[in-house]
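Chemist: Got a structure for you, questions after.
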Amino acid sequence: MMATALTELERMKADLCRQDYWYFVQDFWNEVPGAQPLEISWHMEFIAKELQLVAERVFLGEPAPYDLVINCPPGSSKSSLVTILYHAWIWARFPQARMLTASHTSELVLDLASKARDVIWSEKYRRYFPGVDIREDTEAKGLYRNTHGGDRLACTVA
């Protein structure tokens with residue numbers, strides 16, 4: 001894909017997406033393969049803000065003051081917020097991040113990792129964050145790496 005200059009609006013949106021995870025979620029929701037139309041609920045913004053607080057400390061190399069546990073019923077967008085879009089957003093800010101994703105079934109963990117990879121491969125993501133490229137030699141569903149040393153490994157736990 002040949003890079004073209006961003007419009008002023010796209011540049012502003014890319015900057016907002018980089019700064020604010022909740023904005024990123026809303027702007028990139030439709031890039032998730034198979035995503036239903038976004039129906040915002042109060043808990044989604046709350047989760048996004050909490051995830052951003054966790055990430056900001058990691059970006060600064062600060063210790064975590066607490067462990068974040070998200071316990072919501074099925075169908076409340078946890079996977080999209082935590083396992084798909086969050087990883088794409090982290091690489092937009094901190095491309096050297098190394099991430100591990102685990103689930104109770106290999107089908108689920110590979111599906112979620114694949115969807116995150118598809119967001120990163122999307123034309124919009126590549127336009128907004130042109131420096132984040134997945135290496136061609138490691139682009140499998142279960143393990144992929146970017147050109148900055150960041151990677152994502154998917155595994156199954158019993």
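The values are calculated or read from the model by the stated rules, or taken from the named source; none is laboratory data. Just so it is clear, the structure is predicted and the values come from calculations on it, not from any experiment. Please note: Cβ atoms are built from the backbone with ideal geometry, for glycine as well, and neighbour counts cover all protein chains shown. Keep in mind that these areas ignore ligands, DNA and RNA; they rest on the heavy atoms of the full protein, side chains included. Shrake-Rupley method; radii C 1.70, N 1.55, O 1.52, S 1.80 Å.
Chemist: Here is a list: L38, L100. Which entry is assigned to a loop (DSSP other than H, G, I, E, B) and either closer than 20 Å to E10 by Cα or without any contact (Cβ under 8 Å) to a residue 60 or more places away in the chain (or both)? So that I can check it myself, show each step before the final result.
Modeler: Values: L100 fails: assigned to a loop (DSSP other than H, G, I, E, B).
Criteria check complete, one pass: L38.
Chemist: Tell me whether the range 42-49 contains one or more residues that are within 30 Å of T4 (Cα to Cα) and either open to solvent by 30 Å² or more (accessible area, probe 1.4 Å) or not in a helix (DSSP H, G or I) (or both). Before the answer, list the steps.
Modeler: Taking the range 42-49 first, the residues within 30 Å of T4 (Cα to Cα) are none.
For the range 42-49, residues within 30 Å of T4 (Cα to Cα) and either open to solvent by 30 Å² or more (accessible area, probe 1.4 Å) or not in a helix (DSSP H, G or I) (or both): absent.
Chemist: While we're on this one: So which residues in the range 5-34 are under 13 Å from A88 (Cβ atoms) and in a loop (DSSP other than H, G, I, E, B), if there are any at all?
Modeler: V32, P33
Chemist: If you take the residues in the range 86-97 that are aliphatic (A, V, I, L, M) and in a helix (DSSP H, G or I), which one is farthest from the chain's Cα centre (by Cα)?
Modeler: Only one residue tops the list, namely A92.
Chemist: Are any residues in the range 50-85 assigned to a helix (DSSP H, G or I), under 14 Å from W22 (Cα atoms) and either among the β-branched types (V, I, T) or open to solvent by less than 80 Å² (accessible area, probe 1.4 Å) (or both), and if so, which ones?
Modeler: Here is the first cut: in the range 50-85, the residues assigned to a helix (DSSP H, G or I) are 50-59, 78-85.
Keeping just the survivors that are under 14 Å from W22 (Cα atoms) gives 50-56, 78, 80-82, 84-85.
Answer for the range 50-85, where residues must be assigned to a helix (DSSP H, G or I), under 14 Å from W22 (Cα atoms) and either among the β-branched types (V, I, T) or open to solvent by less than 80 Å² (accessible area, probe 1.4 Å) (or both): E50, L51, Q52, V54, A55, E56, K78, S80, L81, V82, I84, L85.
Chemist: Considering only the range 127-148, I want to know if a residue exists there that is free of Cβ contacts under 8 Å to residues at least 40 places away in the same chain and in a helix (DSSP H, G or I).
Modeler: Looking through the range 127-148, none of the residues is free of Cβ contacts under 8 Å to residues at least 40 places away in the same chain and in a helix (DSSP H, G or I).
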